[in-house]
Amino acid sequence: MSRALLLLLGTVAVLGATAAPTAAQEDFFKDKTNLENPLEIRDPFKAPFVNKQSTGKDVRKGYYVTGKGQYSNLAESAATDLVVGELRVVGVLIGRERRALINANEASKKVIVLKEGMKIGNEGAELKAILPGGVIIVEKIVNVYGQEEYLETVIPISK
């Protein structure tokens, strides 16, 4: 008797669940939200997918990724366009990774950020050292005897 009663209750529950109106389930969110399909929106606890440009640099909202864990809001400019004789050192940043703030010439207001070891100008002069008072640039030249020499140029901070 108890098995027959249990079988009857199970059959009624299964038939009742399959006969339930599906329209009520679909219209459940209509009066609760103004999103068209709330079940297909992005998970707020996952980071959004970011497209990288084909240039290899990751450019995002106003800043550039220059290396692993290094971010900058200044775009890297070509230091090969600079002329060593016209450089003006505006400031230096001393620390673990030293930087020099340089104007291309006296009339230029644009500040260029350079690191130690960067090549400057068409001749391939190297920014050898950044010191608290200025920068040292080393150029490799060939003298009149055909020997290679290194020409060191010290550019102090301009006022």
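See the values below:
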quantity: Contour minus Cα-Cα distance for D31 and N143 (0.36 nm per residue); calculated: 31.8 nm
quantity: With every protein chain in place, region 80-159: carbon and sulfur % of accessible area (1.4 Å); calculated: 52 percent
quantity: Simple label model, 7 Å out from Cα along Cβ direction - N73 to Y150, nm; calculated: 3.8 nm
quantity: Under 5 Å, built H, 5+ apart or other chain: amide partners of G121; calculated: T80, D81, L82
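The values are calculated or read from the model by the stated rules, or taken from the named source; none is laboratory data. As the structure is a computational prediction, the values presented were derived from the model and not from experiment. Cβ coordinates were reconstructed from backbone atoms using ideal geometry, including for glycine residues, and neighbour counts include every protein chain displayed. When the accessible area is computed, the model is the full protein with side chains, heavy atoms only, and any ligands, DNA or RNA have been set aside. Shrake-Rupley method; radii C 1.70, N 1.55, O 1.52, S 1.80 Å.
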